[in-house]
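Participant: To start, I am sharing the structure in question, which I have written as structure tokens.
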Amino acid sequence: MSGLRALPEMFMRFAPAAAALSLMLAVTASVTNADDRQAAPRAAQLIAEGDAALKAGDAQTAIDAFEAALVVDPAHTPVFLKLAEAARLEGLQGKAIRYYRETLDRDPDNFAAIAGEGLALVEKGALEKAKRNLTKLESLCGSGCRETQDLKLSIASGSQTRMAAETTAKESSPTPN
């Protein structure tokens, strides 16, 4: 019976240490979730193969390598950016947008993902949505950062292309009498 009486006293004695330990674990989990870590060795090798294929213009081989790297190390967020880039080169803007959004789910202020999604949106013709990405980039990194400048240029050229296409369509359509 005396052992049962000692239990509340024991909990009181270890409660501060348990609270400190749980706080430390929570902070450690959030820091490691930021994914500043290196990819697993096999995943890193596959990412390098994908980068080489992408540089050679072989987007499908790059996608295969990046997807394999993702299977090996699903927690390595940067591979989603590489998958998105390869998908854009293949003309799969919808798939690229999905990869950029996965990156943003994991790292909401990732400049490359915000800009990349905006570029893919421009390529799909969704200029208003791309402009929202531009606004977000400007608020996060300013108008001078490379990502902001690239997206701004793409939106401007996308707007000009769209206006030229609309003008051509109007000129080639028959006029009612």
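The values are calculated or read from the model by the stated rules, or taken from the named source; none is laboratory data. Source: prediction; values computed, not measured. Quick reminder, even Gly has a Cβ in these numbers, built from the backbone with ideal geometry, and neighbours come from all protein chains shown.
To keep it simple, each residue is scored yes or no on (1) surrounded by fewer than 17 Cβ atoms within 10 Å (Cβ to Cβ); (2) modelled with pLDDT of 95 or more; (3) within 28 Å of His76 (Cβ to Cβ); (4) among the charged types (D, E, K, R).
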residue	(1), (2), (3), (4)
Ala113	no, yes, yes, no
Val122	no, yes, yes, no
Lys131	no, yes, no, yes
Cys141	yes, no, yes, no
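Participant: Still on this structure: When you go through Met1, Met24 one by one, which is the residue that is loosely packed, with under 10 Cβ neighbours inside 10 Å, more than 26 Å from Ile114 (Cβ to Cβ) and at pLDDT below 55?
Facilitator: None of the other options fit; the residue is Met1.
Participant: Name the residue, out of Glu90, Glu117, Glu67, Glu49, that is acidic (Asp, Glu) and under 20 Å from Glu147 (Cα atoms).
Facilitator: Glu117 is the lone residue from the list that is acidic (Asp, Glu) and under 20 Å from Glu147 (Cα atoms).
Participant: Checking the condition crowded, with 19+ Cβ neighbours inside 10 Å and more than 27 Å from Ala48 (Cβ to Cβ), which residue from Thr103, Thr135, Thr77, Thr148 passes?
Facilitator: Only one candidate qualifies: Thr148.
Participant: Between a first residue in the range 61-79 that is touching a residue at least 12 places away in the same chain (Cβ under 8 Å) and in a helix (DSSP H, G or I) and a second residue that is of a type in the set (Phe, Trp, Tyr) and crowded, with 22+ Cβ neighbours inside 10 Å, which pairs have beta carbons less than 8 Å apart while being 6 or more apart in sequence or on different chains?
Facilitator: Leu70/Phe80; Val79/Phe66
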